[in-house]
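One structure below.
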Amino acid sequence: MTTGLTARRALSYAAVLVCVGLATPALSDDQELSQVIVTASRIPEPLADSFWSTTVLTRSDIEARQVQSVPDLLVDLAGINVDNTGGLGQASAIFIRGADSDHTLLLIDGVRVGSATLGTPPVELVPLEQIDHIEVVRGPRSTLYGSDAVGGVIQIFTRHATEPGLSFGGSATDGSHDTHEFTGNLMARGERAWLSLAGDTLTTGGIPTCLPGALTAGAGCFQDHPNPAANGFHNHSGSLNAGVKVTDQLTAQVDGLVTDGWTAFDGDFDNNLEFTEKVTTLHLDQALTGAWHLRALAARDVDEERDFLNLTPAGVFDTTRNSASLQIDGKPGKALRLLGGIDYERVKVDSDTPYPITARTSRGGFSELRGELGPWSALAGARLEDNGQFGNHGTGNLGLTRRLGEAQRLTLTWGTAFRAPTLPTSTTRLASIPALSSR
């Protein structure tokens, strides 16, 4: 795990970051230097070779922590601050290295998810039971991912079969505040194909987050009734992972995650909501001649929200993201590694709020070159993003590393990043989440 000094200068929706650090990875038994990660560079690489400070939370780590939500899992990580407005299912914000909550990019199986109107990633709605592992990358990664990756990137990987043969399991949990959870999973892996299915139901009566004495305007509750009720949360979810080696060179994989439920909270404009998040992804990986790979992704994310005030409808906010990417990576020379690709995303909003703009398209082209010479490694990358609503924006990054030993190295990284404004956001939605509206 890397510690270092960070300087950030905000340029409207852009940021420039420089990090210098002496890295000495502090790893658990499951997180060895040879562990392979993909988020930092968009291609598989050993954790020890990453230029960017990265933490991996494995399935074993998740189970050992015995927490019930992703925000609770992230709160103890270096450089991460978590702001939660209540208990399970309540709005949460993730701040990486001092960047704003909407400067954190959330990916699920390589796909950008979340509302295009609210702008903050819905980390509180992702069930832990559906997660295989999480990679947290600190630092500006807009060069590879585009908008929002200013403070860093959090990528969640859903459950998949890793061991050969057939296995299944389940659990039942009962806790205070009427908290109940039931889980089940089935996994199978053969020589050329694999399948994983998992389901989870989590319900809780919740806890009241506002005391009667705090019910004054500006105190964070905005409630006009004298006895705030407990803020309950119900979440029903399922995940699918299936893949096949079509040939010795071509691999195809499908990932799917559905989470559906409702949550109650304290608010004057709305005080409970129904949510649905549906993520579907197709991955193709074609090995080419030499050490080159062609990787393709096609995905669809649907984020649906229905707001209510005491069971009276108060708003509809649906976001649909259709995205695709194509990249090629390999070694043009013995000590060189080259990555290049293109991204496409079409975002559409359906709402009962009359937004002047309800859809936009983004296209981006990126490349990154890495070279090694003895104990030295250098990195350079660039991206040009074409946003259909706001025009073009360019970003870049540089890195230099000097290995000092088996587990120590001196690293200098510099990068620019940006966040494109969301589609017009309803002020009533932000007002109902006072802890986040001031960010």
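Results, tabulated for the structure shown:
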read-out	value
Boolean, residue 180 is without any contact (Cβ under 8 Å) to a residue 60 or more places away in the chain and surrounded by 12 or more Cβ atoms within 10 Å (Cβ to Cβ)	yes
Filter result (polar (S, T, N, Q), more than 20 Å from residue 45 (Cα to Cα), modelled with pLDDT of 95 or more and surrounded by 15 or more Cβ atoms within 10 Å (Cβ to Cβ)) within the range 355-404	362, 395
Matching option when the condition is in contact (Cβ under 8 Å) with a residue 24 or more places away in the chain and part of a helix (DSSP H, G or I), among 107, 144, 118	144
Meets criteria (out of contact with any helix residue (DSSP H, G or I) (no Cβ under 6 Å at 6 or more places or on another chain), within 30 Å of residue 337 (Cα to Cα) and at pLDDT 85 or above) for residue 288	yes
Qualifying residue in the range 416-424 (condition: modelled with pLDDT under 95 and assigned to a helix (DSSP H, G or I))	no
Checking residue 56 against (1) outside any loop (DSSP other than H, G, I, E, B); (2) closer than 30 Å to residue 351 by Cα, the condition it does not meet	(2)
Candidates 93, 99, 48, filtered to the one that is within 24 Å of residue 140 (Cα to Cα), of a type in the set (A, V, I, L, M) and in a helix (DSSP H, G or I)	48
Every residue from the range 147-191 that is of a type in the set (Asp, Glu) and either under 17 Å from residue 41 (Cβ atoms) or in a strand (DSSP E or B) (or both)	174, 181
Residue identified as of a type in the set (Asp, Glu) and modelled with pLDDT of 95 or more among 352, 303, 307	303
Residue check for residue 77: within 15 Å of residue 39 (Cβ to Cβ), of a type outside the set (S, T, N, Q), in a strand (DSSP E or B) and touching a residue at least 12 places away in the same chain (Cβ under 8 Å)	no
Count of residues meeting criterion [over 14 Å from residue 135 (Cα atoms), acidic (Asp, Glu) and surrounded by fewer than 17 Cβ atoms within 10 Å (Cβ to Cβ)] in the range 35-76	2
Selected residue (only one of 267, 206, 238, 315 is within 24 Å of residue 127 (Cα to Cα) and modelled with pLDDT under 95)	206
Residue satisfying all of: in the range 245-265; in a strand (DSSP E or B) and of a type in the set (S, T, N, Q); farthest from residue 280 (Cα to Cα) among these	263
Residue check, residue 255 surrounded by fewer than 17 Cβ atoms within 10 Å (Cβ to Cβ) and either closer than 30 Å to residue 206 by Cβ or touching a residue at least 40 places away in the same chain (Cβ under 8 Å) (or both)	no
Residue within the range 83-99 that is among the acidic types (Asp, Glu) and buried (at least 23 other Cβ atoms within 10 Å of the Cβ) present	no
Test set (1) crowded, with 20+ Cβ neighbours inside 10 Å; (2) more than 26 Å from the chain's Cα centre (by Cα); (3) farther than 29 Å from residue 116 by Cα - residue 413 fails condition number	(2)
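The values are calculated or read from the model by the stated rules, or taken from the named source; none is laboratory data. On a predicted model such as this, the values are computed, not experimentally measured, just so you know. Reconstructed Cβ throughout: ideal geometry from the backbone, glycine too, with neighbour counts over all protein chains shown.
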